[in-house]
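Okay, handing you the structure first.
Each value in this text was obtained by applying a stated rule to the coordinates, not by laboratory testing. In this text, all values refer to a predicted model and were calculated from it rather than measured experimentally. Ideal geometry is used to build each Cβ from the backbone, glycine not excepted, and the neighbour counts take in all protein chains shown.
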């Protein structure tokens with residue numbers, strides 16, 4: 001461990017597939033303390049033959065298309081996609097959108113510095129369609145995975161066994177690729193087709209059309225069969241003039257002011273990604289092994305995001321092709337079928353800083369223990385069995401830390417520490433037996449652990465937990481408190497492991513071999529952090545608001561791995577924490593030189609709510625900007641964070657203001673302890 005509490009890895013490490021950390025935590029059914037029931041919302045547009053009773057993802061980039069309002073866009077990046085069913089001039093099919101940075105919308109006052117929000121207006125640049133796709137045409141999703149899905153379109157009453165087209169949708173795709181099967185292609189646009197050049201012969205029998213849209217936006221269209229003859233019909237329609245077509249069509253946008261971009265496309269058409277196999281090892285290395293279709297003699301052309309380029313190991317072959325993304329800065333295209341990344345500094349944090357005793361004076365230790373006696377005396381049950389899984393979880397975590405301090409600080413409090421463990425066990429037993437006020441259930445439709453209350457009181461109950469919103473926020477607290485108790489009482493951990501592991505698996509099951517939970521429900525390995533929203537439709541896609549609670553979940557997962565002696569779980573959580581640190585620094589916490597958000601937004605310093613297509617400097621619970629002049633409980637959070645900058649002043653604040661309100665997840669014991677040791681650099 002380095003002096004900063006971070007494990008530094010040597011530069012000469014090698015990738016060891018045998019060390020892959022993605023084994024299932026368990027493949028057992030969830031424990032019987034959970035009632036089993038179906039969800040009231042079923043996934044839409046799912047080909048049942050491809051699901052076959054397996055879990056269905058709730059928080060992935062393509063989830064909008066599985067929900068009511070399935071024509072909300074999705075953002076594989078750098079492009080957006082949307083199912084069109086006639087709302088734009090009667091167009092049908094799958095549209096493609098890309099918005100340059102200078103076309104983004106800022107508000108509410110676009111001249112303000114900083115602006116409060118920005119987003120990209122979805123405009124259908126090109127729409128994949130066919131003459132037989134009428135207003136009742138159908139869509140299914142197949143081959144859904146972490147990085148990929150197939151979107152299948154076919155005439156009403158048809159199927160993928162008859163005339164249809166399949167669009168291969170993957171993270172980072174440079175070409176939007178569709179395979180037509182016995183359909184006559186049509187391409188529409190919200191813009192006028194200003195010019196469509198005659199087809200040009202390419203290698204391997206392919207042809208290429210250059211398309212100039214209104215506004216001088218250039219797109220390229222490549223077809224695998226030269227028989228595809230396209231003609232502009234009215235100004236918004238480009239239709240094949242020959243017989244039904246069977247073959248591949250790829251389209252791509254040519255960025256402005258980039259004379260080399262078209263050459264990159266011309267040299268690399270004919271292949272397309274089909275998702276990737278993920279490998280994660282305990283040496284700080286993780287890998288996307290991209291699967292592909294098309295010409296096996298070529299390498300895939302794929303777009304990276306800024307945080308990828310910081311940690312490539314080694315960097316795949318770069319090109320001159322760049323496109324803006326919605327909320328992730330500039331995407332750059334690389335050649336290569338394998339992306340390997342290295343996180344050189346893995347966090348070495350455990351339950352408490354390993355050297356905390358050296359930072360505590362006898363006087364401060366006495367003050368902390370006196371406060372711990374007071375906090376121990378509160379009614380644990382009242383604090384931890386509310387009508388909200390979220391707030392109850394915060395209460396459990398708060399009480400768990402009080403017990404941890406009582407048992408770990410030097411002094412004459414060991415008897416009280418043992419009593420605190422017993423008191424904590426009594427409330428944790430309520431949860432482990434699922435007897436709390438808000439009971440959890442295992443639902444068998446999407447497959448996961450959810451609150452019963454949403455089925456009774458409505459989807460928004462408890463921040464939408466029943467609809468799979470915010471599970472990484474909610475269950476992180478429960479797992480954290482349970483892990484503290486496991487650390488203090490190993491026998492309790494052994495007896496209740498199935499209950500704890502079910503919560504871990506719900507959010508971060510690492511393996512598709514687990515038939516009871518989707519793999520990595522929340523964490524997105526391409527963007528490097530978790531997503532909320534669950535099975536709520538959202539016009540701007542998934543979002544992340546509380547990065548601290550995102551980190552808290554994987555920290556709790558690591559502690560669970562330590563107490564249950566699951567080394568692979570510990571190491572996997574470590575890796576995810578390291579990736580989170582990188583993505584949060586790039587996309588959520590903005591230094592003055594941040595280039596991933598527009599300069600007129602960067603002065604906000606933090607993003608607020610980051611959607612896939614929008615960034616809004618606000619929160620779901622308040623639009624107020626919190627400053628040090630605030631007198632409410634937020635001030636306690638500010639000073640707890642300030643302890644890492646000025647420990648003595650933070651400690652003195654909590655000491656001098658014994659009546660100051662605290663956040664409902666923070667005890668005064670922990671506030672004093674944390675500031676007394678100067679926070680934790682890790």
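Does a label point 7 Å from the Cα of residue 298, set along Cα-to-beta-carbon, have any residues of segment 260-288 with amide nitrogen under 19 Å, and which are they?
Output list for this probe position: 260-276.
Full extension from residue 23 to residue 595: what is 0.36 nm times the residue separation minus their Cα-Cα distance, to one decimal in nm?
Full-extension gain reported as 202.2 nm.
Which of 136, 506, 524, 161 has the fewest other C-beta atoms within 10 Å, and how do the rest follow up to the most? Walk me through the numbers before you get to the answer.
Details: 136 11, 506 25, 524 20, 161 8.
Least crowded to most crowded, the residues run 161, 136, 524, 506.
Now, a different point. Quick one: length gained pulling residue 567 to residue 266 fully straight, 0.36 nm per residue minus the C-alpha distance? Provide the component values of the computation, followed by the final result.
Values: separation 301, 0.36 × 301 = 108.36 nm, distance 4.71 nm.
Fully extending the segment from residue 567 to residue 266 adds 103.6 nm.
To continue, here is another question. Applying 1/(1 + (r/R0)^6) with R0 = 41 Å to the Cβ-Cβ distance of residue 433 and residue 366, what FRET efficiency is obtained, to the nearest 0.05? Don't skip to the end; give the middle numbers.
Details: r = 38 Å, r/R0 = 0.93.
According to the calculation, E is roughly 0.60.
If I model a spin label at residue 102 and residue 642 as a point 7 Å from the Cα along the Cα→Cβ vector, what separation in nanometres do I get?
The answer from the label model is 4.5 nm.
Could you work out the percent of alpha carbon pairs in segment 76-342 separated by over 29 Å, rounded to a whole number?
Values: 11264 of 35511 pairs.
Summing the P(r) tail past 29 Å for segment 76-342 gives 32 percent.
Where does each of 225-233, 613-621 land if you order them by average Cβ count within 10 Å, highest first?
Values: 225-233: 15.7, 613-621: 17.7.
By packing density, highest mean first, the sequence is 613-621, 225-233.
Please state the relative contact order of segment 515-662 as a whole percent: Cα pairs under 8 Å, 6+ residues apart?
Numbers: 143 pairs, mean separation 24.2, N = 148.
Reported as a whole number, the value is 16 percent.
Got the relative contact order for segment 76-342 handy, in percent, Cα pairs under 8 Å and 6 or more residues apart? Please report the intermediate quantities before stating the final value.
Values: 641 pairs, mean separation 40.4, N = 267.
Computed value for segment 76-342: 15 percent relative contact order.
Would you calculate the separation in nanometres between label points at residue 373 and residue 45, each defined as 7 Å from the Cα along the Cα-to-beta-carbon direction?
For residue 373 paired with residue 45, the spin-label model returns 6.4 nm.
Let me ask you something else. Could you tell me how far the Cα centroid of segment 31-83 sits from the Cα centroid of segment 640-682, in Å?
So the two Cα centres are separated by 42 Å.
Regarding the chain, what whole-number volume in Å³ per residue does the convex hull of its Cα atoms give?
Numbers: hull volume 107.0 nm³, N = 682.
That works out to 157 Å³ per residue.
Give the order of 472, 657, 137, 50 when sorted by the count of other beta carbons within 10 angstrom, beginning with the fewest.
Values: 472 27, 657 13, 137 22, 50 16.
Arranged by neighbour count, lowest to highest, 472, 657, 137, 50 become 657, 50, 137, 472.
Ranked highest first by average number of other Cβ atoms within 10 Å, how do 76-84, 127-135, 594-602 line up?
Working: 76-84: 23.0, 127-135: 21.0, 594-602: 17.4.
Ranking the peptides 76-84, 127-135, 594-602 by packing returns 76-84, 127-135, 594-602.
OK, next. Give me the number: length gained by fully extending residue 315 to residue 663, i.e. 0.36 nm times residue separation minus the C-alpha to C-alpha distance, one decimal in nm. The partial results should precede the final answer.
Numbers: separation 348, 0.36 × 348 = 125.28 nm, distance 4.37 nm.
Residue separation times 0.36 nm, minus the Cα-Cα distance, leaves 120.9 nm.
Tell me, how many Å apart are the Cα centres for segment 396-411 and for segment 443-495?
The two parts, judged by their Cα centres, are 22 Å apart.
Any chance you could give the angle, 0 to 90 degrees and rounded to 10, that helix 490-508 forms with the longest Cα principal axis of the chain?
It is inclined by approximately 20 degrees.
In deg cm²/dmol, rounded to 500, what helix-only [θ] at 222 nm does the chain give when every DSSP H run of at least 4 residues adds -39500 (n - 2.57) and the total is split over its residues? List each step's numbers first, then the result.
Working: 16 runs with 189 residues, N = 682.
Estimated from H runs of four or more residues: -8500 deg cm²/dmol.
How many angstrom lie between the Cα centre of segment 499-538 and the Cα centre of segment 308-361?
Spelled out, the Cα-based centre of one part sits 21 Å from the other.
Right, here's the next one. May I ask you to derive the FRET efficiency for residue 135 and residue 32 from their Cβ-Cβ distance with R0 = 56 Å, giving the value to the nearest 0.05? Show your work: numbers first, answer last.
Numbers: r = 48 Å, r/R0 = 0.86.
About 0.70, to the nearest 0.05.
Could you rank the peptides 176-182, 491-497, 114-120, 102-108 by their average count of other C-beta atoms within 10 Å per residue, with the highest value first? Intermediate values should be presented prior to the final figure.
Details: 176-182: 21.4, 491-497: 16.1, 114-120: 19.6, 102-108: 12.9.
Packing order, densest peptide first, comes out as 176-182, 114-120, 491-497, 102-108.
Looking at the square roots a ≥ b ≥ c of the eigenvalues of the Cα gyration tensor of segment 261-313, which shape do they give, rounded for a/c under 1.5, prolate if a/b is larger than b/c, or oblate? Working shown, then result.
On the way: a/c = 3.26, a/b = 1.62, b/c = 2.01.
It comes out oblate by the Cα gyration axes.
Whole-Å semi-axes of segment 63-213's equivalent ellipsoid, largest first, each the root of 5 times a Cα gyration tensor eigenvalue?
Details: eigenvalues 156, 84, 50 Å².
Three semi-axes, in Å: 28, 21, 16.
Still on this model: Along the Cα-to-C-beta direction of residue 387, a point sits 7 Å from the Cα; which residues of segment 398-438 have their amide N less than 20 Å from that point?
431, 435-438
Normalised by the number of residues in the chain, what is the relative contact order in percent for Cα pairs under 8 Å and 6+ residues apart?
Working: 1443 pairs, mean separation 110.5, N = 682.
Dividing the mean separation by the residue count of the chain yields 16 percent.
Compute the helix-to-body angle for 414-432: its Cα long axis versus the longest principal axis of the chain, expressed 0 to 90° and rounded to tens.
40 degrees
Something else: So what's the angle, to the nearest 10 degrees on a 0 to 90 scale, between helix 471-488 and the longest Cα principal axis of the chain?
Rounded to the nearest ten degrees, it is 40.
Report the label-to-label distance for residue 246 and residue 624 in nanometres (one decimal), using points 7 Å from each Cα along the Cα→Cβ vector.
6.7 nm
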